[in-house]
Each structure stands twice: as C-alpha cells, then as structure tokens.
Amino acid sequence: MSNEREYRVRVPSSIEVEYDRQNDILYLYLEPGETPEEELLSEEGDIALGFKEGRLVVIEVHKFSEKIGGYII
C-alpha cells in the first residue's frame, strides 16, 4: 500500500500576488478566494503549498527577501 497522494495544478487564468512585509512572506494565489484545507511544507520549511480537494491553490514563500538577495520596497 502506497502513501502517495495525487495533487493537481490547474493552469490559472490569473494569479494574485500578495507580499506580507512584516513577516517577509510572498503569497501566490493560483485560485483566489479558495482557502486551503491541507498544507505541505518543504524540507526547509520555507515554502508552503496549500491544497484544496487535491488542487494547488496557494504557494507561500517564507523569508522571501533572503531568497531574492535583497529587500522589498
């Protein structure tokens, strides 16, 4: 028995982008208005993928300014 799950990514017609300066998190909403029911974290814990009914609906990039090697104005 496998523990693998199937997830889907739809090609979005538009992506909403939000930056939380206080917490240094970039949000990419692939399905704006949808609230994730499940979240998977990268091994480093700095990328979070939010899923609803197996569909990727949001990507969170923590410590965003570190990743781009600068700061956000």
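Values quoted throughout were computed directly from the atomic coordinates according to the rules given, and no laboratory measurement underlies them. A quick note: this is a predicted structure, and the numbers were derived from the prediction, not measured. Every residue, glycine among them, receives a Cβ derived from its backbone with ideal geometry; neighbour counts consider all protein chains shown.
Tabulated results
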quantity: Relative contact order %, the chain, counting alpha carbon pairs below 8 Å whose residues are six or more apart; calculated: 29 percent
quantity: Where a label projected 7 Å from the Cα of THR35 along Cα→Cβ would reach, residues of region 46-69 with amide N under 14 Å; calculated: 51-53
quantity: Computed E for GLU44/VAL11 - FRET, C-beta separation, R0 22 angstrom, nearest 0.05; calculated: 0.20
quantity: Reported label for calculated log10 I(q)/I(0) by the Debye sum over Cα atoms at q = 0.15, 0.19, 0.21, 0.27 Å⁻¹ given (i) -0.61, -0.82, -0.92, -1.22; (ii) -0.75, -0.96, -1.09, -1.22; (iii) -0.55, -0.82, -0.95, -1.26; calculated: (iii)
quantity: The chain, helix-only ellipticity at 222 nm - DSSP H runs n ≥ 4, -39,500 (n - 2.57), divided by all residues, nearest 500; calculated: -1500 deg cm²/dmol
quantity: ³J(HN,Hα) computed for each position of region 15-26 - Karplus, 6.51 cos²θ - 1.76 cosθ + 1.60, integer Hz, glycine/proline x; calculated: 10, 8, 10, 9, 10, 9, 5, 4, 9, 6, 10, 9
quantity: Taking TYR29, TYR19 and counting other C-beta atoms within 10 Å, the order from fewest to most; calculated: TYR19, TYR29
